[in-house]
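What follows is a single structure, written as structure tokens, with notes after it.
The values are calculated or read from the model by the stated rules, or taken from the named source; none is laboratory data. These numbers were taken from a predicted model, which means no experiment stands behind them. Reconstructed Cβ throughout: ideal geometry from the backbone, glycine too, with neighbour counts over all protein chains shown.
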Amino acid sequence: MGAQIPMEKQTSSPNPRDIREASGEDRALLSARGVEKVYKKGPAEVRSLRGVDLDVRKGELAFIVGPSGSGKSTLLGILGALDRPTSGKVWLEGRDLFDRSDRELAMLRRSKFGFVFQAFNLIPTLTALENVLCPLIPGGTAREAAQDAARLLSTLGLGERMKHKPFELSGGEQQRVALARALIGKPEIVFADEPTGELDSQKGGEIIGMIRAMNRDIGVTVLIVTHAVQHILPGDRVLKLKDGRFAEDAPTPGGAPAGGKDAATKGGA
Ligand SMILES: Nc1ncnc2c1ncn2[C@@H]1O[C@H](COP(=O)(O)OP(=O)(O)OP(=O)(O)O)[C@@H](O)[C@H]1O
Ligand SMILES: [Mg+2]
């Protein structure tokens, strides 16, 4: 009774992976199958994504790389529910991401996702602290929220810069404010589209280092689009896009997809 472990495995202790899969712990947080995006410009069509399959597990950090125009931003926008696919499916925690109204998607983005963009996108008239507080859905008290924001900014080395406005901050500092803003709502997933694109290599490395620390310390799942491959380390998960598809030579993982064909990509640097 209750024998979940196949006979041949009873001779040795069960594989931890089997236990995780049986408990559902190992299921993908975010999955995509056959995602396509076609932009129509008059009679012309741009096929930005041509069938993308992907599984991202909770707590994972992955880089998405590829030439300009390969569809990286399009894919990140779809996974982050900023845009709908033309066809294909995306699941968040096993539920169809786009089986929701635009209003529900907006709520979901605010409660579960954090975004970091190349161009920081801070509000110029607000201080660093106010920018971080900006996306918060009223929940706890304003004082608690301000304390959280101040703590985050301090962690990111901006303890002395909280009252500064964006024009009084360097590029690297502005991006750290943007990172704090992405994290203030305690998101499950952070989507970063070329977060180092406006920074020199050293400052870019610092931002990537801070994102890695957040992933490691608070377990937030992270997807980073980047051209700055010098920041990718051996052992990092790297997803290579080319012409709207993941590179065919990318090895496939052994994990269980949320459904559909098993062609998710997982590769080394
Ligand atoms: N709103 C849009 N309307 C029409 N075509 C678009 C739109 N957005 C993107 N595209 C096209 O889709 C393709 C993929 O664009 P995308 O921005 O996803 O590329 P990318 O990999 O992020 O490139 P880059 O590295 O330059 O940022 C490109 O050919 C682009 O011109
Ligand atoms: Mg892009």
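A quick yes/no check of all residues on (1) touching a residue at least 40 places away in the same chain (Cβ under 8 Å); (2) within 20 Å of residue 193 (Cβ to Cβ); (3) near ligand 1 (Cβ under 9 Å from one of its atoms):
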| site | (1), (2), (3) |
| --- | --- |
| 43 | no, no, no |
| 53 | yes, no, no |
| 75 | yes, yes, yes |
| 85 | yes, yes, no |
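If the condition is being over 22 Å from residue 75 (Cβ atoms) and either without any contact (Cβ under 8 Å) to a residue 40 or more places away in the chain or buried (at least 20 other Cβ atoms within 10 Å of the Cβ) (or both), then segment 185-209 contributes 186, 199, 200, 201, 202, 203, 205, 206, 209. Listed by first and then second residue, the pairs linking a residue in segment 94-115 that is closer than 16 Å to residue 32 by Cα to a residue that is in a strand (DSSP E or B), with Cβ atoms under 6 Å apart and 6 or more places separating them unless they lie on different chains, are 97/90. Checked against (1) out of contact with any Pro (no Cβ under 9 Å at 6 or more places or on another chain); (2) surrounded by 14 or more Cβ atoms within 10 Å (Cβ to Cβ), residue 230 passes all but condition (2).
At least 3 residues being surrounded by fewer than 19 Cβ atoms within 10 Å (Cβ to Cβ) and among the aliphatic types (A, V, I, L, M) is the threshold, and among the helices (runs of 4 or more DSSP H) wholly inside segment 68-184 those reaching it are 102-112, 142-155. Only one entry of 92, 133, 122 meets the criterion of being more than 16 Å from ligand 1 (Cβ to nearest atom), closer than 30 Å to residue 236 by Cα, of a type in the set (A, V, I, L, M) and more than 14 Å from the chain's Cα centre (by Cα), and that entry is 122.
If I ask for residues that are under 22 Å from the mean Cα position of the chain (by Cα), among the acidic types (Asp, Glu) and within 21 Å of residue 242 (Cβ to Cβ), which ones from segment 24-62 would you list? Matches in segment 24-62: 36, 53, 55. Across segment 149-169, not a single residue is classified as farther than 14 Å from residue 184 by Cβ, modelled with pLDDT under 90 and out of contact with any helix residue (DSSP H, G or I) (no Cβ under 6 Å at 6 or more places or on another chain).
Could you check, for segment 126-135, whether at least one of its residues is β-branched (Val, Ile, Thr) and farther than 27 Å from residue 34 by Cβ? Checking segment 126-135: at least one residue is β-branched (Val, Ile, Thr) and farther than 27 Å from residue 34 by Cβ.
The requirement of being within 16 Å of ligand 2 (Cβ to nearest atom) and either at pLDDT 95 or above or touching a strand residue (DSSP E or B) at 6+ places or on another chain (Cβ under 7 Å) (or both) is fulfilled nowhere in segment 84-97; no residue meets it. Within segment 39-57, being among the aliphatic types (A, V, I, L, M) and loosely packed, with under 11 Cβ neighbours inside 10 Å holds for one residue alone: 44.
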